[in-house]
Structure formats: structure tokens, C-alpha cells
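For reference, the structure is listed below as C-alpha cells.
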Amino acid sequence: MALKITEECINCDVCEPQCPNEAITMGPEHYVIDPAKCTECVGHFDEPQCVAICPVACIPKDEAHPEDPETLLQKFNRLQADAALVK
Ligand code: SF4
Ligand code: SF4
């Protein structure tokens with residue numbers, strides 16, 4: 001399941017460079033996560049890097065995008081294949 005950033009976000013900028021999938025960008029009000037790119041860091045790290053570093057704990061699971069670990073791994077593989085095509 002992708003994660004999401006809530007309105008508690010203080011726009012501290014620290015999570016954006018930590019995301020291995022470039023899923024985090026600045027939105028109209030605060031940072032946002034693209035559910036098509038967030039794998040909960042599956043394929044890269046043992047835990048979500050944005051959650052580990054966020055000082056205000058405003059990154060819960062996005063219940064609108066339920067995905068099991070296998071699906072997240074498939075998303076990771078798809079993103080890697082897309083990145084390879086761009087290179
Ligand atoms: Fe990026 Fe990982 Fe956070 Fe998802 S959980 S937004 S992939 S850092
Ligand atoms: Fe917002 Fe947390 Fe990211 Fe900082 S680390 S920009 S508070 S989501």
C-alpha cells in the first residue's frame with residue numbers, strides 16, 4: 001500500500017531527497033506522495049525512509065491504495081524497468 005502525507009506536514013523538505021522512487025514532490029499546500037511510485041520502499045530498504053525521517057509523523061498508509069508486499073515488489077520491478085528505458 002502506498003503511503004500518504006497528511007496536512008500535518010510542516011514542509012521541512014527532509015523526506016523528498018530520501019525517497020528512492022522520487023515519489024515525493026511539493027504539492028499545492030504540502031508535500032505529496034505519488035501512489036503510482038511509492039512502494040513503501042520495498043525493493044530498496046527494509047523500512048519506509050520517509051516515515052523514518054519525518055519529524056512530525058505525518059505519513060500514514062494510504063488506505064485508498066491497498067497493496068500487498070508482492071504487489072509492491074511488482075511495482076518496484078516495473079519502476080526499475082521504466083527507469084532503465086529512460087537511461
Ligand atoms: Fe518514497 Fe519509500 Fe516514502 Fe514511499 S515509503 S514515499 S517509496 S520514501
Ligand atoms: Fe512533511 Fe514529514 Fe516530509 Fe517534512 S519529512 S516535508 S514534515 S512529510
- Item | Under-5 Å amide H pairs with residue 3, H placed in peptide plane, nonlocal only | 40, 62
- Among 35-45, 72-82, what's the highest-first ranking by average C-beta atoms within 10 angstrom per residue? 35-45, 72-82
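Once you sort the root eigenvalues of the Cα gyration tensor of the chain as a ≥ b ≥ c, which label holds: rounded (a/c under 1.5), prolate (a/b larger than b/c) or oblate (the other case)?
Numbers: a/c = 1.84, a/b = 1.49, b/c = 1.24.
It comes out prolate by the Cα gyration axes.
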- Message: For the chain, take the longest principal axis of its alpha carbons; what is the angle in degrees between that and the long axis of helix 69-86, to the nearest 10 within 0 to 90?
- Response: 80
- Any chance you could check the Cα centroid distance between the range 62-87 and the range 1-24 for me, in angstrom? 17
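Laboratory data are not the source of any read-out in this text; all were calculated from the coordinates shown. The model shown is predicted, which means the values in this text are computed figures rather than measured ones. Every residue, glycine as well, gets a Cβ built from its backbone with ideal geometry; the counts of neighbours run over all protein chains shown.
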